[in-house]
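The values are calculated or read from the model by the stated rules, or taken from the named source; none is laboratory data. Keep in mind the model is a prediction, meaning the values are calculated, not measured. Note that we place each Cβ from the backbone using ideal geometry, even for glycine, and neighbour counts take in every protein chain shown. Protein only, heavy atoms only, side chains kept; ligands, DNA and RNA dropped before computing areas. Shrake-Rupley method; radii C 1.70, N 1.55, O 1.52, S 1.80 Å.
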Amino acid sequence: MNTDKAFVGIDVAKADVEYFIRPAGMSGKVPRTPEGLKRLSELLGQFDVEVVVVEPTGGYERVVLEEMFAAELPVKLVPADRVRNYARSLGRRAKTDAIDAATLAQMAETSVGHVHPWSPPPSEVQLARELLHRRAVLVEVIGAERKRASAARNPLIAKSTERLLRALAEEKARVEKQVEELLPTAPDLARRAEVIQSVKGVGRIVALTMLTEVPELGSLSRSEAAALVGVAPYNADSGKKQGKRFIRGGRARARTALFMAAIVGIRHNPVIKQQYTGLRSRGKDGKVALVACMRKLLVHVNSLLRDHAINSPTATG
């Protein structure tokens, strides 16, 4: 076994997986199959691996993460936008799988100390997440089809869109029923969802989306939670110029759910409504005020889950 510390970058595609090992400079490719990934984990087992870095690639990375975790290799999943920004900071404009793997390995060595190691969620939580993803797709398709229906002038097209909308609505209801039927098998997820739903403006789907997309909620600081979801304000100042604050990155599905909760909260949650109207009366832009409300909701939810964990019977024994 090589006793030197090794830092590994893995770039995942549909068919293959490229890897790069620093500082050995070893690189290669294996098929994204159980046999190929097993060969890779056995190769890495010959090194004293400090960390393996992977970026999201449309779900193809899942089997790689699972194999690394099963092989007891410390693996971290880093957001794609952070990887791209890191590559740009190195002056790397070209993009190939091999270059990406080398970039990820360099990132593993220098820039992921703050990232929590990846571990698989419980199977029922993963199933809930996949069902919620499916529901989100159906909601998007329904919205697009409604626009087509409103613009349809031909009666045949109008009837076609009506039939499709009915079918889509039935499928959406079916998926939502499957989510509800799953909850009794995931009591911890169900309890945490109830805690979040105690906040006015937060419904079942929003609560479950937040929990499945950001399972770390309840164990994060205020700033960590805001950065993870992508509602942390970043400065854009230079010299005497004070630019507008902006947000970027984060987990998009969780941010979308939080956006919906904030919209409802502005109308029905007195605390959120007061914050929004107060910011608007001080001349803040509507989007800026809305993001501030999203951040306030997130911080409150995070603290509620933290208090719930501290006070729960399982936590206190």
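Going through (1) farther than 17 Å from Lys296 by Cα; (2) under 18 Å from the mean Cα position of the chain (by Cα); (3) in a helix (DSSP H, G or I); (4) of a type outside the set (Phe, Trp, Tyr) one by one, Glu216 falls short only on (3).
State yes or no: is Gly278 touching a helix residue (DSSP H, G or I) at 6+ places or on another chain (Cβ under 6 Å) and either surrounded by fewer than 21 Cβ atoms within 10 Å (Cβ to Cβ) or modelled with pLDDT of 95 or more (or both)? Judged against the criteria, Gly278 is not a match. Is it the case that Arg135 is at pLDDT 95 or above, farther than 15 Å from Pro215 by Cβ and of a type in the set (Lys, Arg)? Judged against the criteria, Arg135 is a match. May I ask you to verify whether Ala15 is closer than 22 Å to Glu109 by Cα, small (Gly, Ala, Ser) and modelled with pLDDT under 95? Spelling it out, it is not the case that Ala15 is closer than 22 Å to Glu109 by Cα, small (Gly, Ala, Ser) and modelled with pLDDT under 95.
Do you know which residues across segment 67-83 are open to solvent by 60 Å² or more (accessible area, probe 1.4 Å) and free of Cβ contacts under 8 Å to residues at least 40 places away in the same chain?
Within segment 67-83, the first condition is being open to solvent by 60 Å² or more (accessible area, probe 1.4 Å), and the residues that meet it are 69-70, 72, 81-82.
Within segment 67-83, Ala70, Glu72 qualify.
Only a single criterion out of (1) acidic (Asp, Glu); (2) surrounded by 14 or more Cβ atoms within 10 Å (Cβ to Cβ); (3) modelled with pLDDT under 90 is not satisfied by Glu55, namely (3).
In this structure, is Ala173 hydrophobic (A, V, I, L, M, F, W, C) and either part of a loop (DSSP other than H, G, I, E, B) or open to solvent by 10 Å² or more (accessible area, probe 1.4 Å) (or both)?
Values: hydrophobic (A, V, I, L, M, F, W, C): yes; either part of a loop (DSSP other than H, G, I, E, B) or open to solvent by 10 Å² or more (accessible area, probe 1.4 Å) (or both): yes.
Here the answer is yes, as Ala173 does meet what is asked.
Can we say Pro121 is touching a Pro at 6+ places or on another chain (Cβ under 7 Å) and open to solvent by less than 50 Å² (accessible area, probe 1.4 Å)? Yes: the conditions hold for Pro121.
In the set Leu258, Leu228, which member is modelled with pLDDT of 90 or more and either surrounded by 13 or more Cβ atoms within 10 Å (Cβ to Cβ) or within 16 Å of the chain's Cα centre (by Cα) (or both)? Write out each step before concluding.
Numbers: Leu228 fails: modelled with pLDDT of 90 or more.
Criteria check complete, one pass: Leu258.
Name every residue in segment 95-110 that is of a type in the set (Ser, Thr, Tyr) and open to solvent by 40 Å² or more (accessible area, probe 1.4 Å), in order of residue number. Explain how you work it out, then say what you get.
Filtering segment 95-110 down to residues of a type in the set (Ser, Thr, Tyr) leaves 96, 103, 110.
Matches in segment 95-110: Thr96, Thr110.
Every test in (1) open to solvent by 50 Å² or more (accessible area, probe 1.4 Å); (2) part of a helix (DSSP H, G or I); (3) free of Cβ contacts under 8 Å to residues at least 24 places away in the same chain; (4) not acidic (Asp, Glu) is passed by Arg92 save one, and that test is (2).
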